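Undergrad: Dropping the structure in here first, questions after.
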Amino acid sequence: MTKKKIFRYVLIALAVFLIIAQFFPIDKTNPQSDPAADFLMLEQPSQEIATLLKDACYDCHSNQTKYPWYTSVAPLSWWIKGHIDHGREHLNFSTWSDYPAKKASHKLEECFEVVEGKEMPMLTYWLVHPEANLSADQRIALVDFFKTKYSESE
Ligand code: HEC
């Protein structure tokens, strides 16, 4: 087989894969949860902080995920869904009241650590969500907020 032929077969295989992949969409139903159990409801942060949390964290760490059009394109959609599932597993602001006090306190500590360390929001997320590309001031505001909540919880 010539190189050209191999290349053509690879392209065809890729196209077939992409077509078949579209038959396996992700589940976009947001789990039901009690609005009264939500972090924003319980902690009542300022409007500024609430907006930052919704813009930068809630798509992966709540049951209020918004799914833009490209989340319908496999295999990208599978990868995104993986982040949402893992994100909720580690931290779910929608079911905040379910965390025992000690666990909630630990989550708050993790929150300011990952925001301070620029680990969150994830790079691949803020690249396509400009509103989640936190400025230095926004980061400080968010860290201060989590630190205050953390010290209140201790
Ligand atoms: C694109 C999805 C996404 C966004 C947006 C996002 N996270 Fe995460 N987050 C994850 C995933 C996935 C994990 C699981 C751990 C990992 O794979 O890094 C995680 C883990 C965490 C953890 C747990 C860390 C640990 O050590 O267990 C904390 C705390 C956290 N995120 C806070 C935040 C905060 C606060 C924001 C907003 C400023 C945010 N995340 C935005 C996906 C996201």
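Undergrad: Where does each of TRP69, TRP126 land when they are ranked from fewest to most other beta-carbon atoms within 10 angstrom?
TA: The most exposed by this proxy come first: TRP69, TRP126.
Undergrad: Can you bin the stretch 27-153 into rounded, prolate or oblate? Criterion: square roots of the alpha carbon gyration tensor eigenvalues sorted a ≥ b ≥ c, rounded for a/c under 1.5, prolate for a/b above b/c, oblate for the rest.
TA: Here the stretch 27-153 falls in the oblate category.
Undergrad: Of ILE80, ILE26, ILE12, which has the largest mean-square fluctuation in a 10 Å C-alpha GNM of the chain?
TA: In this elastic network of the chain, the residue with the biggest mean-square fluctuation among ILE80, ILE26, ILE12 is ILE12.
Undergrad: Compute the helix-to-body angle for 3-21: its Cα long axis versus the longest principal axis of the chain, expressed 0 to 90° and rounded to tens.
TA: Result, in degrees: 50.
Undergrad: Of ASP98, ASP27, ASP55, which has the largest mean-square fluctuation in a 10 Å C-alpha GNM of the chain?
TA: Greatest mean-square fluctuation among the candidates belongs to ASP27.
Undergrad: Select from LEU123, LEU14, LEU53 the residue whose mean-square fluctuation is largest in a Gaussian network model of the chain (Cα-Cα springs shorter than 10 Å).
TA: LEU14
Undergrad: Once both axes come from the Cα atoms, what is the angle between helix 76-90 and the longest principal axis of the chain, in degrees from 0 to 90, rounded to 10?
TA: The angle comes out near 30 degrees.
Undergrad: Also, I was wondering about something else. How do GLU109, GLU131 line up, fewest other C-beta atoms within 10 Å first?
TA: GLU131, GLU109
Undergrad: Across the chain, where is the longest run that never hits trypsin sites (Lys or Arg not before Pro) in a DSSP loop with at most 12 other C-beta atoms within 10 Å?
TA: Within the chain, the longest run free of exposed trypsin sites (Lys or Arg not before Pro) spans 1-65.
Undergrad: Using the structure shown, select from LYS4/LYS28; LYS3/LYS28; LYS28/LYS118; LYS66/LYS103; LYS81/LYS107; LYS5/LYS28 the pairs with a Cα to Cα distance greater than 32 angstrom.
TA: In this structure, LYS4/LYS28; LYS3/LYS28; LYS5/LYS28 lie more than 32 Å apart at Cα.
Undergrad: Nearest 0.05, what FRET efficiency do LYS102 and ILE19 give at R0 = 41 Å with Cβ-Cβ as r?
TA: Using R0 = 41 Å, I get an efficiency of 0.25.
Undergrad: Could you name the lysines whose alpha carbon sits less than 16 Å from that of LYS102, not counting residues in the same chain fewer than 8 places away?
TA: Those lysines meeting the cut-off are LYS147, LYS149.
Undergrad: About the Cα centre, and with charges only on the beta carbon of Lys, Arg (+1) and Asp, Glu (-1), how big is the dipole of the chain? Nearest 20 debye, please.
TA: Here the size comes out at about 1300 debye.
Undergrad: Between CYS57, ASN92, TRP78, whose Cα lies farthest towards the positive end of the dipole of the stretch 27-153 when Lys and Arg beta carbons carry +1 and Asp and Glu beta carbons carry -1, centred on the Cα centre?
TA: Farthest towards the positive pole: TRP78.
Undergrad: If you line up the long axis of helix 101-116 against the longest principal axis of the chain, both from Cα atoms, how many degrees apart are they, to the nearest 10?
TA: Roughly 60 degrees between the two axes.
Undergrad: In addition: Using only helices, what value at 222 nm comes out for the chain when you add -39,500 (n - 2.57) per DSSP H run of length 4 or more and divide by the total residues, to the nearest 500 deg cm²/dmol?
TA: -17500 deg cm²/dmol
No lab work stands behind these numbers, since they all come straight from the coordinates. All values reported here derive from a predicted model rather than from experimental measurement. Cβ atoms come from the backbone with ideal geometry, glycine included; neighbour counts cover every protein chain shown.
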